Amino acid sequence: MTKQTAWYKNGIRPDDALLEMRFALGYEKRGNEYHARIESIEGEIAGTSGRALISIADTLVETVSTVTARGQELADAWGGDAAKEAVRELGVLRKAVIELAAAVGTVGEGIRWFGEEVYPCFADASVGSLIEDPIWDHEFGGNNCDCSLLYANPLSWTGFDSATCIRQEHEYYYEHSDRWITHPRDAIPVVNREDLYSSELGPFVNETERQAIEDRRLDPLTAYKTAAARRQMDRLNGYLEELHGFLPAKAICHFPDDA
Amino acid sequence: MPEWRAWALDGGPTSWPEALDSLEIDRSAVRDVARALLADLEAYTPLRVWPRSEDGYLAGLEEGAEPARLLDMPRFGEFPPGIDLGNFPGGPRNDFNDFANIGAVNHFHDFMVLSLEQFFKSYASYIARLAQSVEEYELAEEASTLSDLEVIQKDDE
């Protein structure tokens, strides 16, 4: 008679909600859900748990080598039906320990790999890099500002109407961000929307945001940072899936009965 | 490559001796085998109980004195695929929420604890019976004592 313990790995879902990862308002962690998501992952614990599992597996390996050596000694020292049963039972125990060590070590190695090698790269990385306060290309119409105030052009004697706006600073509010953008128009880098859509970040800008960009309700920096965070999170999800794939599909141990 | 990794790939060693038909027994050799197996089982003791200091408090709570933290499995995040891997937020270390652990790694952890427990019981029971068969009752008693130890005690017990 044996007693069986078993584990079957369950399935894993893709993160379909990644594109819905939103911009979060707030003084700290300002930007998006990326930081919250990273904080909900316990990378350091993964490292120590993985190492603990590996050390358990190593101990089980010791047991297997002890049992293998002693099993031979037992078979040499004792004969008869009772001895055959005793040696056979020790063999069943050894088989179960081999199964357990293989499973524990494999899971431990996967968890350790994630905690020590993958997670730190994501926890420390800053996402999104763009110069502060750029504007979209469609907001920059040369000097064709929609400001209705008249501008006394100090360079009018040159014959060029170089600006139509009386203010060098013009405040914009983007509905989809918490940023009040103050920009001296001529000093601001211009972001081309098509460049963003066709870049590797393009797939990480959702339809709502594209519309908001077209409607001038979402500023470039927020759009870039959100998309970059999603791409980063997508990569991390890839590693999580890799970890899941590395774990054994099942583990079954048949231990001899302890009665 | 560690041996457990090789076993995971190829299934591990299968050859195993068989006892002879002759009815001879070398009692001292069998006793030595039982002793060696018992010593091996005792190596797991740090995994199985939190050491207690003289005043009854868990010595394992002091820094550096802890046995393997079997109960601390990591969380992999609050979103798929992280929640499918392990430890739903508000899992075992959040007392106000006894939401079940739903991830693959949590299930594995339960399996491992159960298997280790069964392993200790089977191993101790086997050693005890082996010792009894050569009339080494003290050795058998010692092995039986080890079969009663739990795999691990939680912090709050």
Task: Unsatisfied cross-links (Cα-Cα over 28 Å) in the set A:K9/A:K225; A:K3/A:K84; A:K9/A:K84 - done: A:K9/A:K225; A:K9/A:K84
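Mind giving me the FRET efficiency for A:D58 and B:A39? R0 is 30 Å, r the Cβ-Cβ distance, nearest 0.05 is fine.
Given R0 = 30 Å and the Cβ-Cβ separation, E is 0.95.
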Task: Cβ neighbours within 10 Å from other chains - mean over A:11-18 - done: 4
Open item on the list: Students sometimes get this wrong: rank B:S115, A:S199 by accessible area, probe 1.4 Å, all chains present, largest first.
Closed with: A:S199, B:S115
Task: In nm, spacing of pseudo-spin labels at A:M1 and A:T208 (7 Å Cα→C-beta vector) - done: 6.0 nm
Task: Computed E for A:S65/A:S199 - FRET, C-beta separation, R0 56 angstrom, nearest 0.05 - done: 0.50
TODO: With a 1.4 Å probe on protein heavy atoms only, tell me which residues of the stretch A:86-101 lose at least 30 Å² of accessible surface in the complex relative to the chain by itself.
DONE: A:V87, A:E89, A:L90, A:L93, A:R94, A:K95, A:I98, A:L100
TODO: Return the average number of partner chain Cβ atoms within 10 angstrom of each residue Cβ along peptide A:226-235.
DONE: 0
- [ ] Give me the accessible area buried between chains B and A, both sides summed, with a 1.4 Å probe, in Å² rounded to the nearest 100.
- [x] 6300 Å²
Task: Accessible surface ranking that places the most exposed of A:S49, A:S198 first, with a 1.4 angstrom probe - done: A:S198, A:S49
TODO: Heavy atoms only, probe 1.4 angstrom, no DNA, RNA or ligands counted: give me A:R112, A:R88 ranked by accessible area, highest first.
DONE: A:R88, A:R112
Open item on the list: If I model a spin label at A:H35 and B:L114 as a point 7 Å from the Cα along the Cα→Cβ vector, what separation in nanometres do I get?
Closed with: 4.2 nm
Open item on the list: Per-residue counts of other Cβ atoms within 10 Å, averaged by peptide: what ranking do you get for A:97-110, A:52-65, highest first?
Closed with: A:97-110, A:52-65
Task: Rounded to the nearest 10 Å², the accessible area of A:K250 at probe 1.4 Å - done: 120 Å²
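The values are calculated or read from the model by the stated rules, or taken from the named source; none is laboratory data. Because the structure is a prediction, the values reported are computed rather than measured. Cβ sites come from the backbone with ideal geometry, for glycine too, and all protein chains shown count toward neighbours. Side chains included, ligands, DNA and RNA excluded: accessible areas come from the protein's heavy atoms. Shrake-Rupley method; radii C 1.70, N 1.55, O 1.52, S 1.80 Å.
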